[in-house]
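Have a look at the structure below, then the notes.
The values are calculated or read from the model by the stated rules, or taken from the named source; none is laboratory data. Bear in mind that the values here come from a model prediction, so they are computed numbers and not experimental data. Cβ placement follows ideal geometry from the backbone for every residue including glycine, while neighbour counts extend to all protein chains displayed. For the accessible areas, the whole protein counts, side chains as well, though only heavy atoms, and no ligand, DNA or RNA atoms are used. Shrake-Rupley method; radii C 1.70, N 1.55, O 1.52, S 1.80 Å.
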Amino acid sequence: MCTSFIYRGQDTIIGMNFDNNGMKYSIDTKNPNWFIVQVDNGHGKYPSFGVDCFGRFFNNLVVNSNGKGLYKRASKKVTHTTKLITDIINGVICTENLGEYLENIEVVNTPNWSSHNMICDSNANVWVVEPGRGNISNPAKSSPFFVMTNFSLWDNLYENVECDCIRFKTVSYALEKAKQVNIETAFSILDTVSQRNGEWVTDFSMVYSKNLRTVYYCFNGNFNDRFEYKF
């Protein structure tokens, strides 16, 4: 399943492995300020992850359900994970005010799904939204990096549930040991946690540099065969 991280150093570096179980996906750059990967779940295309020219990033990763946070129709007090992301892309929600927004609305899952969102603003402040659990704030100054995979960070931080995700531990250790992270370092880290076999296979990987205003990406674990999207 997927792996993502934000590195806050001399450059803001964002890394993402998209581990897929066969769903169709596509790159959407109709809005030139956004580089978005959409997934077709059989009921339409929805944004799965993406980054913009200012360094704002989002993803929508599968996580085990705790039986709460089930779908409700959107209203003034309720939104769901996909609408939350769509509203950020469309500028309805300002990521710099996301903390205040989350205090005043309940975020739930979409029908028949359980997921959590990592959202990064243009200053590398991070929020994790876990429907039915809670919202986590990780300001840029609080740590040099932030990692999210497919286990509940809320459960790990607040419910004393031990992390059993090897990918999370591998990336965290690599970022702790790195003196500085650049494009090459980030791809190397993503390579170490890429999945080549099984139900979930790494179909797409990306690294974004805020300083260079560029997304570097590759397909099917071919980390040396890269493409670029410059904002």
Would you pick out the residues in region 92-126 that are open to solvent by less than 20 Å² (accessible area, probe 1.4 Å), closer than 18 Å to Ser75 by Cα and out of contact with any Ser or Thr (no Cβ under 7 Å at 6 or more places or on another chain)? Ile93, Leu98, Leu102, Val108
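In region 157-169, what count of residues is obtained for those that are open to solvent by 50 Å² or more (accessible area, probe 1.4 Å), of a type outside the set (Phe, Trp, Tyr) and either more than 22 Å from Leu190 (Cα to Cα) or at pLDDT 95 or above (or both)?
The first filter runs over region 157-169 and keeps only residues open to solvent by 50 Å² or more (accessible area, probe 1.4 Å), leaving 157-162, 164, 166, 169.
Restricting the remaining residues to those that are of a type outside the set (Phe, Trp, Tyr) gives 157, 159-162, 164, 166, 169.
Remaining after also requiring either more than 22 Å from Leu190 (Cα to Cα) or at pLDDT 95 or above (or both): 157, 159-162, 166, 169.
Total satisfying the criteria: 7.
Regarding region 55-62, can at least one residue be identified that is open to solvent by 10 Å² or more (accessible area, probe 1.4 Å), more than 22 Å from Ser142 (Cβ to Cβ) and touching a Lys or Arg at 6+ places or on another chain (Cβ under 8 Å)?
Residues of region 55-62 open to solvent by 10 Å² or more (accessible area, probe 1.4 Å): 56, 60, 62.
Retained after the next criterion (residues that are more than 22 Å from Ser142 (Cβ to Cβ)): 60, 62.
Narrowing the set further to residues that are touching a Lys or Arg at 6+ places or on another chain (Cβ under 8 Å) leaves none.
Within region 55-62 (the criterion being open to solvent by 10 Å² or more (accessible area, probe 1.4 Å), more than 22 Å from Ser142 (Cβ to Cβ) and touching a Lys or Arg at 6+ places or on another chain (Cβ under 8 Å)), the answer is no, since none of the residues qualifies.
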Here are the criteria: (1) of a type outside the set (D, E, K, R); (2) open to solvent by less than 10 Å² (accessible area, probe 1.4 Å); (3) part of a strand (DSSP E or B); (4) out of contact with any helix residue (DSSP H, G or I) (no Cβ under 8 Å at 6 or more places or on another chain). Tell me which single one Gly50 does not satisfy. (4)
Any residue that is closer than 25 Å to Asn66 by Cα, buried (at least 19 other Cβ atoms within 10 Å of the Cβ) and not aromatic (Phe, Trp, Tyr) - is there at least one of those in region 191-214? no
